[in-house]
Structures are given as C-alpha cells and as structure tokens.
Amino acid sequence: MSANDDDDNSDHLDLPTAEDAASTGAAADSADWDERLKGLPRLLRYAMLIVDGADHVEERLIAEVEELCPQLSHNLAWAKGRSLEGAMALAAELDRRAVAHSEPALRSLADSVRLVSLPTPRDDEHFQQHRRVAKALVKAFQLNSLIVEQKVRCDLERFTYGWAALQACTHFVPKKFSAAMNASLVGHRTAEHRISAAKAALRLQFREENDRRKQREADRTEAVERQAAPILEVIPDHHLVVARLSENEMKSPKLKEIIGPLKDVVNVALPLVQAPALYEARNTLLFEFPYASEVVDFALADLVGRETVHLRPLLMVGEPGGGKSRFARRLGEVLGVAVWRSDASRSDSASFGGTDRRWYSAEPCHAFLAIAQARIANPLVLVDEIEKAATRSDNGRLWDVLLAFLEAETSSRYPDPALQTNLDLSQVSYVATANRLDPLPGPIRDRFRVVSFPKPTSKDLDALLPAVLTDLARERGLDQSWVTPLDGIEHEAVARNWAGGSVRRLRRVVEAVLRERDIHASRN
C-alpha cells in the first residue's frame, strides 16, 4: 500500500486509537524532551519544537528513526541529502514497515518526517501528504490538549489549525517558508480577531468593574460626609462652602484650638468676588506696567466670559527686578481679590500644604488661611520665586505638594491634614514668579501657564514714576497727595541714573531724589 493513498480509501492506515495516540513515542526518548511536553505524542512534540524554533530538529528525527530502524537505507539517504524526495521516500518506507510489522510508533515517525520536510503547498502539490499530517495533528491535539500547560496548549492549537488551513491560505504566506513555519503564521491569523475581541472585552469588563468600584467608594464617601456635615441653608449664587465640619468635630478639643480663628469661614457660604470690567482692569495695569502689555493680556484672558474671578495657574518668568511680584500683587488688587504671598524659599510641603493635627503646631494649608484672612472663597495665592524652593525632601518638597492645589480635580477635594476634612479650594487662583525656568520639575511646568515677564526700558520711565511715588508714599505712611511729582531737575537726575532694567533700582534712585528734596526743604 502506498503512503500517498487517501486515508478515506485505506482503513488499515488510519490513525491509532486514542490509547495508542497518547502513548505513541512518548517513552522512547523522554530524556531528550522538554518537561512541558512529557506524555505528548511524537508528532505534537515535533510541532512544539518547530514553534519554539529549536535547533537540529531534523537531526533529532534522524536519530529516532535510526534507533527504531537501525541502518535503514532511506534514513541514511535522507540524512545525507536532506531532499524532499528522500524525506517522502523515508516516510513511505516507515508506513510500509508500520503495517508489515504492526508498529504504530513508525507511523508517528512517518508523519513527523512529513511535518518537518513538506514545503508550503502550491495547487495540488503534496495534497495527500499535507492532509494526512493535518488529520494526525488535529486528532492528536484533541486527545492530548488537556494534559499540557496553557501556554503549550495555545501554541499547539495555533500550529495545528494553522496547518489544517494552510492549503486555503497559500496566497498570503511567504513562498520561501516551509509548511511548518507558515502553519504558525496562519494559525495566528485565524485567531487574531478573536484574541483582539477577547482583549477588548476584558478591558471593557475591567473598566466597568473599576468604574463601579470607584462609584461605590464615592457613594460611601458622600454618604459619610452627608451624615457628618451640618445642614446648611441654600447656598446663594456666587457663593461657595469651602470647609464643612460636623458639630462633633467642631467640639473636638484638639480641633477647637486650630479652628478658633477660622470659625467664621467653616460651614459658611463665602462670597466669590465677581470679575470687574476687564477693559478697566486692563487700562489700570497697562498704566502701571506699560512694558508688560503681553503679560497683562495673557493674565486677563482667563476672565473672558467669567462672572467671578478665577485664574488658571500662572507662572511669570523674568530677570530679577522686573516687577513680577508687584505685578502679581497689583493684579489681585485690581481684580478685587485678596493676595496671600508665600515665599517659596521658606516654604515646604508641611508649611504650605498644612500640618497634621497630631502636631502641636498644627496649621491648615496656606490656601485656606488666605480664604480665612480675606473671608472670600477666591483669593489669589502668590508663590514668589518658586524656583528657589528647597529640593530636599526632609519635610516634603513645596513643588510636590503644589501639584494637588493646581489640579481642578484634587483642589476641589483637598484633604487638609489639620482640619482632617476635604476643602473646596477650586476657586483659589495661583500666580507664581521665577527668575529662571530650568530648576523647576516637569510636572510643575505642565500645570502652569508660563509667560515671559520683560524688563522696562528708559522709555517707560514717565509711566513708572507715578506708581513708584505712590508706593514710596505708602511706605512712609503718607497720603499720596503729600508727595508731589518730580520737577524737571529731579526728573533729569532720575533719568540720568536709571537707563532701564530693574524697577528696584528705579525705586532706590527716586527714593534718593526724594531724600535730597527733604534735606533741601529742611535747610530752607
């Protein structure tokens, strides 16, 4: 009987029974096989060697044939030439001996020879040979798939059904690859969409479960807060309750010490300062800072269409002496909100973000202190010279704690460590100044709107003098009307000694001129 005969017309060449298939070749060379493949039929073991890209697969098979059929001429010829004709002749001879001597192990050897030798089928070429190996693979896989670990089972499934479908998929597989190599490729393609769909379904299931879990946690938190919080009256428009504490918490001895100066802003709807007419605010700022028109427009652009004052985090970067800090203060004053200044070089996570209640010096976060001082829900917090914040993390870095205040999601539920309750700081505006941008970490830069703050030139002198005189009068405790404008000689002296640049230097020059004026007046 020829090995090329169709299995349907040659019943005595059908595959072994289930019991035979499970034992065929399994004990012959167990020492040479991977532990994962113990108990598998020879054909599936060779399939896994191909999947794993093992070396010397043909040499292993030649050695097995030699062990079971010593000095078989067909095996020697194939070992020498490695030709397809030699492989098919060897497979046919092994089939003949399997029938003649009733040795099923030789049939598994014959199919293994075909498995490692057959090329990718073209038209009807080697059709019967491919079909025979496909039937053997499918039956062996069905009988043995459950005895191996999941990874091996998946690899064998892909290879087995890839081989079975190979004849219908020859139009897209590489011609230069063998049938065994292309079987893995086809097997992967047959499961590609199912795998993608399974992954998508798993991701969706995970996302839905995660959303449900978050919702349950949010519901529990809301229920606890609702139960603990006092009943408030209807909150008026343009008002916000920043801090909510229950009556029991308000009576806590430890909290009573902390909340003493803050009681007027706890469980109270605080007003939100309404935005002024932007053109008036712009004209005022441009009069005082004529050299910083771009900064003025950049800062006020956030208020277009808003009813109340709230600026997204703003970082002004410029050389020292340009007036950044004064601009930030005047911006808050012109907009009608209180300004709380924090010196970054003296602040850390504990001082700015609040100190835990268990410490003797417990104190709420700076943003809430700014709210308590101004009794409004939307003050402006100025972080001056933010790049000079300490980089050591002994008490926590200022940069790290700032992140929670700069994000809308976290600032609306900021867990204050002193009050041990969530504060709604979402309407607080943050403005920072820096001489250089380089020291700041990436997360801080990402959360600020960054704008370059220029220095004034000599052309801006006349515009700057009124504001400088007003500030100096305020520092002296005088009404502005008591400080008369500079006369021609004084103006010339100032212009001669200040050619632009630092506003601080301009203040010193003007102060020196006023001092000379006072000395001259006392002599007369």
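Observations
- The residues in region 327-383 that are over 20 Å from N267 (Cβ atoms) and of a type outside the set (S, T, N, Q) can be counted, and the count is 31.
- Residue list for region 288-310, restricted to those being assigned to a helix (DSSP H, G or I) and either small (G, A, S) or at pLDDT below 90 (or both): E288, P290, Y291, A292, S293, A299, A301
- Flag for A100 being among the aliphatic types (A, V, I, L, M) and at pLDDT 85 or above: yes
- Of residues in region 341-380 being among the aromatic types (F, W, Y) and either over 21 Å from A390 (Cα atoms) or modelled with pLDDT of 95 or more (or both), the one farthest from the chain's Cα centre (by Cα): Y360
- Scanning region 484-506 for residues that are open to solvent by 60 Å² or more (accessible area, probe 1.4 Å), under 23 Å from F327 (Cα atoms) and in a helix (DSSP H, G or I) yields R504, R505.
- Residues being in a helix (DSSP H, G or I), open to solvent by less than 30 Å² (accessible area, probe 1.4 Å) and of a type in the set (V, I, T) - total across region 252-287: 3
- Test: residue in region 446-454 that is in contact with a strand residue (DSSP E or B) (Cβ under 8 Å, 6 or more places away or on another chain), in a strand (DSSP E or B) and open to solvent by less than 60 Å² (accessible area, probe 1.4 Å): yes
- Cβ pairs under 8 Å, 6+ apart, first in region 440-461 and under 17 Å from K388 (Cβ atoms) and of a type in the set (K, R), second outside any loop (DSSP other than H, G, I, E, B) and modelled with pLDDT of 95 or more: R445/L315
- Within region 97-109, residues that are more than 20 Å from A140 (Cα to Cα) have Cβ atoms under 8 Å from residues that are assigned to a loop (DSSP other than H, G, I, E, B) and at pLDDT 90 or above in these pairs: R97/C69, counting only partners at least 6 apart in sequence or on another chain.
- Residue match in region 135-156 (condition: touching a residue at least 40 places away in the same chain (Cβ under 8 Å), within 22 Å of L61 (Cα to Cα) and open to solvent by 20 Å² or more (accessible area, probe 1.4 Å)): yes
- Screening region 45-95 for residues that are open to solvent by 20 Å² or more (accessible area, probe 1.4 Å), outside any helix (DSSP H, G or I) and free of Cβ contacts under 8 Å to residues at least 24 places away in the same chain and picking the one that is nearest to L118 (Cα to Cα) gives S83.
- Residues of region 455-471 that turn out to be surrounded by fewer than 17 Cβ atoms within 10 Å (Cβ to Cβ) and either under 16 Å from E492 (Cα atoms) or touching a strand residue (DSSP E or B) at 6+ places or on another chain (Cβ under 8 Å) (or both), as a count: 6
- Every residue from region 311-347 that is open to solvent by 40 Å² or more (accessible area, probe 1.4 Å) and in a loop (DSSP other than H, G, I, E, B): R312, E319, P320, G336
- Hits in region 424-433 - residues which are open to solvent by less than 20 Å² (accessible area, probe 1.4 Å) and touching a Leu at 6+ places or on another chain (Cβ under 8 Å): V428, S429, Y430, V431, A432, T433
- Hey, R114 on the phi < 0 side of the Ramachandran plot and open to solvent by 60 Å² or more (accessible area, probe 1.4 Å) or not: no
- Number of positions in region 159-181 that are without any contact (Cβ under 8 Å) to a residue 40 or more places away in the chain and open to solvent by 70 Å² or more (accessible area, probe 1.4 Å): 5
- Residues that are touching a residue at least 60 places away in the same chain (Cβ under 8 Å), open to solvent by less than 10 Å² (accessible area, probe 1.4 Å) and assigned to a loop (DSSP other than H, G, I, E, B) within region 368-423 comprise A377, N378, A418, L419, listed in sequence order.
- Matching residues, region 357-391, being closer than 16 Å to G332 by Cα and of a type in the set (S, T, N, Q): Q373, N378
The values are calculated or read from the model by the stated rules, or taken from the named source; none is laboratory data. These figures come from a predicted structure and were not determined experimentally. As a convention, Cβ positions derive from the backbone with ideal geometry for all residues, glycine included, and neighbour counts pool all protein chains shown. SASA here: full protein model, heavy atoms, side chains in, ligands and nucleic acids out. Shrake-Rupley method; radii C 1.70, N 1.55, O 1.52, S 1.80 Å.
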